[in-house]
Amino acid sequence: MTNRTVRYCRCGTRLARDNRQHQCAACQSKTRGLAAGPPDVPVNFWDTDEMRDALATWNMGQVIAAYRHHRFHGRTIRQEIVAGWVGITQAQLSRIEGGSAMKDLDRLARWARTLGIPAGLLWFKLPEQSAREADEQIGRHPEAGGSGDGQEHARGTSSSGVEDMHRRELLRLLSLAAPALTAADLEDRLDLDRLEYVAADPRRLDAAALDAYGAVNRQLWTVFSSAKRKSTVLPLVSQQLDTLFGALYEARGTATRSRLCGLSGDLLQLAGEVLFDGNHYVDAANYYVSAAVAGREATDFDLWACAMTRHAFISVYERQPAHALSMLDVAGRLASRGDAGLSTRYWIDAVLAEAAAGVGDLDSCARALDRAERVAGLGGQFQNGGWLRFDGSRLAEQRGTCYVQLRRPDLAEPALLEALDKDLSLRRHGGVLVDLAHVGVQLRDPDRLVMYADAALVVARQTGSGVLTRRLHGLRRQLGLLTTDRHVGRIDREIGQFAEPDSEEQRMPDEPGRAFREAWIAGVHRHYPGEPKPGYVAPWAETPDWERASAAAVEEQVRAFVAATDGRTARLSREQKSRFVALCWIGQIFRHFPDPKPAYVADWPDLPPWQRETDADIFESIEQRRG
């Protein structure tokens, strides 16, 4: 009998003997369908980290690349297929994806329509976009509610709005959320008569009514700041948002619409803050996107920039600092067009410092913090107590957090102790205590660790803050061999009694190799002399398949090595760690390339210094994620 080679399609289907193609019939049909035009995609298609990050760059080339690599498709859509959708060549599309951002509105609109990008996610207006559609982006777009299923997340308690509430009910709810305020205090601050008068007939909307809505917004921010449990504010925020959206649909006149868009953008950011505190990061991000749209419609560059900055902070918090840097760059450019008398640009610098710390760039972090300190030179009313609250009072704790991230306990501890002496909210106080406990871990000082962790646990029990609980679990993952101390072991058990928040990072599978790639990008930003080549810092979505597979294999080798030594790899020198990663990577090169270039398989002494340091960083990053 003649032996015949069995062939398989990429999907795993065995190919028929008479099939001379490289695909099964189903895959061929799918490919022909893609050639005709883009597939229908669900609403949540645009809600992945890769798509959000690409959209935040305002570069259609990066959006197209993220679209092609989206996991929804099952496999990457080839450039020649996507190019065919708009009648260009594969080479032209390659230049678009790898080049600078296109500026031509007609080309941008053509791509947006072809890919079906929701108008509310675009950084430009489609030519046919009417004022009515702009209202719908802010008030009715699925992104505004987070779930994408028509049931807005922050509106689960009521849809009637402030206009349907009796004045005493509003006062009762506000008093419950902020017990320090009496009903009389609230009546003095809120013009409830005006609100009820306008609610009876939206055509009565005038400047005084807009001022009354603004007063409600300011009061909600005050309640949020003082509430021990931030979630108590959400029903009130939801009702006020419904009121503002209803007013937008009835509004007449550009000035009135612009003011209502600004008020909506203000409150959408507050809704995002509440959801962020509850560890609902996807929902919070959706509200920040809607707030950015509202800021754009209001032509309020500071409001717009602050929404972008809050969105970027989610990436910082989710340990994706490289993704945050591009959004912060956009926010900085927006702020430069805003009011120079406001503190917007200094707040962006403060968040930029945390992103720089996340990629291991001490110098950039220190420079950003120094720029943020200049907020002290502003005079007058430079923040509004709502969507812009940055006044520099948090810089000591932010500086401490950055230095903890950079593993510089010698610099972190003085800044954190300075912050601890300030009049902080309970949640902020708890965050400083967690950072001081991290200092104890980094100094291998169990007594210091236990003292601050115990105090942080008390605050976590008092506030029920999801942010603080998650930070405690982050501390727990760093305890390692210190748990052999009985007091540290007790801390480990007590943190374990808190249910770990269901973060976005946990909801999405930890794709093999991604941690390796993120550590590589961070190391390149930290050690490469000058501007790195684009391919060195390309995001995961644009990484070739062979490189993803290699990253996954080496990451697993490092994890196995650390596990086999029961964590004793911590005693290895950085050179030893770097050599291990380099040798494993050379093995992968030989696996994927039969005859690689000599430079690809160079021995460790022949590698440039920046690459040796980056390889050591990769090992330590994977080592720290153990457990």
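Coupling constants for the range 490-496 follow from the phi torsions by the Karplus curve (6.51 cos²θ - 1.76 cosθ + 1.60, θ = phi - 60°), and in residue order they are 5, 4, 4, 5, 5, 5, x Hz; glycine and proline get x. Shown for the range 69-121 is the translational diffusion coefficient from the Stokes-Einstein equation, using the Kirkwood radius over Cα pairs, a temperature of 10 °C and a viscosity of 1.306 mPa s: 130 µm²/s. For the range 322-352, the list of trypsin sites (Lys or Arg not before Pro) that fall in a loop by DSSP and count at most 12 other C-beta atoms within 10 angstrom reads ARG337. For the range 255-367, the average shadow cast by the Cα convex hull is 6.7 nm², which is a quarter of the hull's surface. Taken one residue at a time, the phi angles of the range 245-260 give Karplus couplings (6.51, -1.76, 1.60, θ = phi - 60°) of 5, x, 5, 4, 5, 9, 5, 10, x, 5, 5, 5, 4, 4, 5, 5 Hz. Gly and Pro are set to x. Which residues in the range 596-619 place their backbone N less than 14 Å from a point set 7 Å from the Cα of ARG559 along the Cα-to-Cβ direction? Flagged as within label range: none.
Of the listed peptides 389-397, 100-108, 258-266, what is their order by residue-averaged count of other C-beta atoms within 10 Å, with the highest listed first? Walk me through the intermediate numbers first.
Details: 389-397: 18.8, 100-108: 12.0, 258-266: 24.4.
Order by mean packing, descending: 258-266, 389-397, 100-108.
Need one word for the range 405-561: rounded, prolate or oblate. Basis is the Cα gyration tensor (sqrt eigenvalues a ≥ b ≥ c); a/c below 1.5 gives rounded, then a/b vs b/c decides.
On the way: a/c = 2.02, a/b = 1.74, b/c = 1.17.
Verdict is prolate for the range 405-561.
Taking θ as phi - 60° and the Karplus parameters 6.51, -1.76 and 1.60, the scalar couplings of the range 81-90 work out to 6, 5, 4, x, 5, 10, x, 10, 8, 4 Hz in sequence order, x denoting glycine and proline.
Here, each number is a calculation from the coordinates, and none is a lab measurement. This structure is a prediction, so every number in the text was calculated from the model and none was measured. Note that each Cβ is placed from the backbone with ideal geometry, even for glycine, and that neighbours are counted across all protein chains shown.
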